[in-house]
1. On the basis of being touching a Ser or Thr at 6+ places or on another chain (Cβ under 7 Å), among the charged types (D, E, K, R) and open to solvent by less than 50 Å² (accessible area, probe 1.4 Å), does ASP115 make the cut?
2. Any residue in region 35-58 that's open to solvent by less than 70 Å² (accessible area, probe 1.4 Å): show its pairings with residues that are acidic (Asp, Glu) at Cβ separation under 9 Å, as long as the two are six or more apart or on different chains.
3. Whether any residue in region 210-219 is assigned to a loop (DSSP other than H, G, I, E, B) and buried (at least 23 other Cβ atoms within 10 Å of the Cβ) is what I want to check.
4. Kindly list, by first and then second residue, each pair from a residue in region 316-342 that is within 16 Å of ligand 1 (Cβ to nearest atom) to a residue that is outside any helix (DSSP H, G or I) and open to solvent by 20 Å² or more (accessible area, probe 1.4 Å), limited to pairs with Cβ atoms under 7 Å and residues at least 6 apart or on different chains.
5. If you check TYR168 against the conditions, is it of a type in the set (Ser, Thr, Tyr) and either without any contact (Cβ under 8 Å) to a residue 24 or more places away in the chain or away from ligand 1 (no atom under 11 Å from the Cβ) (or both)?
6. What's the number of the only condition in (1) part of a helix (DSSP H, G or I); (2) closer than 27 Å to ARG32 by Cα; (3) not basic (Lys, Arg) that LEU182 fails to meet?
7. Give the residues of region 177-209 that are among the aliphatic types (A, V, I, L, M), more than 25 Å from GLY144 (Cα to Cα) and either in contact with a Leu (Cβ under 7 Å, 6 or more places away or on another chain) or open to solvent by less than 10 Å² (accessible area, probe 1.4 Å) (or both), sorted by residue number.
8. State whether the residues of region 112-120 include one that is in contact (Cβ under 8 Å) with a residue 40 or more places away in the chain, within 24 Å of GLN306 (Cβ to Cβ), in contact with a strand residue (DSSP E or B) (Cβ under 7 Å, 6 or more places away or on another chain) and of a type in the set (S, T, N, Q).
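The values are calculated or read from the model by the stated rules, or taken from the named source; none is laboratory data. Predicted model, so just to flag it, every value in this text is computed and none were measured. Every residue, glycine among them, receives a Cβ derived from its backbone with ideal geometry; neighbour counts consider all protein chains shown. Side chains included, ligands, DNA and RNA excluded: accessible areas come from the protein's heavy atoms. Shrake-Rupley method; radii C 1.70, N 1.55, O 1.52, S 1.80 Å.
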Amino acid sequence: MLTYYSDDHHLHHGSCELMDGQLVPCFEKPQRAEHVLARVKERQLGAIHGPSDFGRAPLLRIHSAAYLDFFEGAWARWQAEQGQGDLLPYTWPARTLSERLPSSLHGQLGYYSFDAGAPITAGTWQAAYSAAQVALSAQAAIAGGAHSAFALCRPPGHHAAGELMGGYCYLNNAAIAAQAFLDQGRTKVAILDVDYHHGNGTQSIFYARNDVLFTSIHGDPVAEFPFFLGYADELGEGSGAGYNLNLPLAAGSGWDVWGAALETACQRIAAYGAEVIVVSLGVDTFKNDPISQFKLDSPDYLRMGQRIAALGLPTLFVMEGGYAVAEIGINAVNVLEGFQNA
Ligand code: FKS
Ligand code: ZN
């Protein structure tokens, strides 16, 4: 399986995030991608390619120009204000407030985000832009005939919506790739989001559409980030009604429960008649993940890959979360090897 990867992810390195009332070092850090890359090499998964540059056009299919312009220019504005440290939002247009776009940097930052979990640093735009190009490059490999490809994206993307950053995400790599398949002539794309957290951004982007089926297995949002989306009764709307499948699971779920949910998702994808699958591949479902509550073990990721392979469809894997850094490479590459060896 080909892997696509860019060193540019190192340009994004947030300092800290809020957790339980404390500022702690960011869990989403460069070593995550380094460990995955090292494991890809160690297991000789296949060739590793740098991304091509497809420009802004495919990003604009998912994100608005105003959002991209804001994101690209935010760091320079922060420097012009003599800002110290990472650029972090602190006020959001929550219920009872208006959805006006203020003129100030922090007003706009609140407008374009949903939490304080997506710090902007000097290189965040370049890292996120390159991650999207990595996803598009892997997508192009599949469009060109490859049966599978791995986009080793960092920062991740599945929490990012059309005009929102949050939850470590800025540009929705999986959504951008899914849209590229459609723009190149495919008519039915399925997204399978196996990250521990619900992909609220991806869901919202495709919620009213039936050309992308969104399926997700995740920690029940009654108790887990992102809290405000990811419930089982969110089925899609308009022509997208019936094309959104959320499978929230209780804390403590292991492979028995998780694997059954995967079976449900895969059967839905098969019934849909998907031509291609985009997997939002988070491995924060691991038993030792420091911020998550599922109990998958390393061999379970081989089974995950095997089951996905049984769908028999061209499959694009896009890296999302996973914070047990020592095991992130083993677990992510196990999915890819389970897929490849099936
Ligand atoms: C306080 C708890 C906030 C945020 C969890 C974000 C999870 C991100 C992810 C992604 F794939 F996007 F990286 N927790 N610090 O794993 O879903
Ligand atoms: Zn996650």
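1. Details: touching a Ser or Thr at 6+ places or on another chain (Cβ under 7 Å): no; among the charged types (D, E, K, R): yes; open to solvent by less than 50 Å² (accessible area, probe 1.4 Å): yes.
Judged against the criteria, ASP115 is not a match.
2. Once the first residue is open to solvent by less than 70 Å² (accessible area, probe 1.4 Å) and sits in region 35-58, its partners that are acidic (Asp, Glu) give LEU45/GLU337; GLY50/ASP7; PRO51/ASP8; PRO58/ASP183.
3. Of all residues in region 210-219, those assigned to a loop (DSSP other than H, G, I, E, B) come to 210-211.
Among the residues that remain, those that are also buried (at least 23 other Cβ atoms within 10 Å of the Cβ) are: none.
Within region 210-219, not a single residue is assigned to a loop (DSSP other than H, G, I, E, B) and buried (at least 23 other Cβ atoms within 10 Å of the Cβ).
4. So the pair list comes out as TYR323/PHE27; TYR323/PRO290; TYR323/ILE291; ALA324/ASN288; ALA324/PRO290; GLU327/ASN288.
5. Details: of a type in the set (Ser, Thr, Tyr): yes; either without any contact (Cβ under 8 Å) to a residue 24 or more places away in the chain or away from ligand 1 (no atom under 11 Å from the Cβ) (or both): no.
So TYR168 fails the test.
6. Condition not satisfied by LEU182: (2).
7. The initial filter retains those residues of region 177-209 that are among the aliphatic types (A, V, I, L, M), namely 177-178, 180, 182, 189-192, 194, 205, 208.
Then keep just the ones that are more than 25 Å from GLY144 (Cα to Cα); that gives 194, 205, 208.
Hit for region 177-209 is VAL194, nothing else.
8. Initially, region 112-120 is screened for residues in contact (Cβ under 8 Å) with a residue 40 or more places away in the chain, giving 112-120.
Subsequent filtering for residues that are within 24 Å of GLN306 (Cβ to Cβ) retains none.
No.
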